[in-house]
1. Given bins 20 angstrom wide, list per bin the percent of all Cα-Cα distances in the chain, short to long.
2. Round to a whole angstrom and tell me the spacing of the C-alpha centers of segment 257-320 and segment 203-256.
3. Taking Rh as the Kirkwood radius, which is the inverse of the mean 1/r over Cα pairs, what is the Rg/Rh value for segment 145-205?
4. Amide H to amide H, which residues 5 or more places from Leu29 or on other chains are under 5 Å from it, using H placed in the peptide plane?
5. So what is the orientation-averaged projected area of segment 205-339, using the convex hull of its C-alpha atoms, in nm²?
6. Quick one: what Rg and Dmax do you get for segment 176-283 from the alpha carbons, in Å?
7. Grab the DSSP H runs of the chain that are 4 residues or longer, score each as -39,500 (n - 2.57), total them, divide by all residues and round the 222 nm result to the nearest 500 deg cm²/dmol.
8. Tell me the net charge near Gly213. Cut-off is 14 Å between Cβ atoms, Gly213 excluded, with +1 for each Lys or Arg and -1 for each Asp or Glu.
Amino acid sequence: MATILCVDDEPSVGVVLEDTLQRMGHEPLLARSADEALAVLGRTPVDLIISDYRMPKTTGLDLLALLKAQGYDVPLIMLTGYASIEHAVIAIKSGAIDYLTKPVVPEALEIAVGQALELARLRAENEAFREEVGRYHAAREIVGESEALRRVLQTIAAAAPTRATVLLEGESGTGKELFAQALHDQSPRRDRPMITINCAAMPEGLVESSLFGHEKGAFTGAIRSKPGLVETAHRGTLFLDEIAELPATLQVKLLRALQERQIRRVGGTGLVDVDVRVVSATNRDLRDAIAKGHFREELYYRINVIAIHLPPLRERAGDVRLLAHTFLKRFGQARVTGMDDAAAEALDRYGWPGNVRELQNVIERACALADGSLITVKDLPDHVLQGHARAAAAVPSALGEGGLPARTDLTLKAAKDQWLQVLEVSYLRDLLARHDGNVSSAAKAAGIDRKTFHRLINKYDLRA
């Protein structure tokens, strides 16, 4: 039995529809206008709508538009007393699932209702199947079984169907773009594009044009109008990677675009409507950036409806070996098929300041250098083998005996942060030494962008 809403201003037509549908075993609900229909939909879920084409004030076509605007995905059969091919084409193009003429013939109505309900059932099954496929692909791409990762995936599954903005927070190399893709793939926008914008890598002077597009003649070299990346993401997902690096002037314009769902191209006067789901990512503390005046507080709250912290690899117990074997299958090319116990234990011991990206680079390197079918410790870089020992040796200079804080007033978190800082400094210093101070080469080896690497070496004054 289906619940079917009948919308017609003629009582006699309502009687015929009600009687026929009841004999078919369905539950009919009657409304005499589009406003009444929307009120019914607000309190009762329905499986199908049968609406008159011509009604006072609001037509059946208007009702279709209102249903779409308010997010109701309910199939609709259009009725009219004016039988014409033109009306049929307009109704179907506007989103009606079928078209019937008055007076209503019970047999024709039964066929149309049966077909419409079957099509709705197939659509629902197809949507459920696609959601399951999306979850399956996301699960295949994101490797790991740790509790920390499982919590992240559960949050992503819950957030994906919504329109809420999402902020992915975590260290460089934790795979923010991969998690953003998982959000997109499990969302209703999966058939539309996910456009990625690296806010730190956009060319200076062209940032605004890249984001919002430009009109012909807006600046030297603008020989034709061009839509920006925000406009290209219409009805899809806009992924703003490293959003903390977005210039202050652009933060204001982005905030306005998100609030008003409209943009203005550079050199243009008109507004362009955009419907995007925004996912942002950062490896910086945005609250700290707000306090220092580097990031707008209003934009922070706009992009941070749902915050998801991506755990660093060192906090994903057991995932290092799973990820290593995944990368090994990718880069081993059937020549390298595994690794020995000593190599696996070395990977487990290392702190992975570059996270998953660094692990990927290490395995790719090891696969290229391996003599046989197994990766051994000699195929691993020195900083992986010695990183743990060097960090331990550096600890007493900042901490006390045995890695304990020299000061007794440190909290557990403060002590942990201090130890991780020592590890990070040791890793960066070793990386710069191995690449003869070449920042670009060292940044590439670490799996992070040059700008982020510069920020780290300036932070610790490693050039001095």
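The values are calculated or read from the model by the stated rules, or taken from the named source; none is laboratory data. Remember, predicted model here, so these are calculated numbers, not experimental data. Heads up, the Cβs are rebuilt from the backbone with ideal geometry, glycines too, and the neighbour counts pull from every protein chain shown. For accessibility, only protein heavy atoms count, side chains too; no ligands or nucleic acids. Shrake-Rupley method; radii C 1.70, N 1.55, O 1.52, S 1.80 Å.
1. 19, 40, 27, 13, 1
2. 15
3. 1.01
4. Ile4, Leu5, Cys6
5. 12.5
6. Expressed in Å, the Cα Rg and Dmax of segment 176-283 come to 13.7, 42.
7. Mean residue ellipticity, 222 nm, calculated: -15500 deg cm²/dmol.
8. +2
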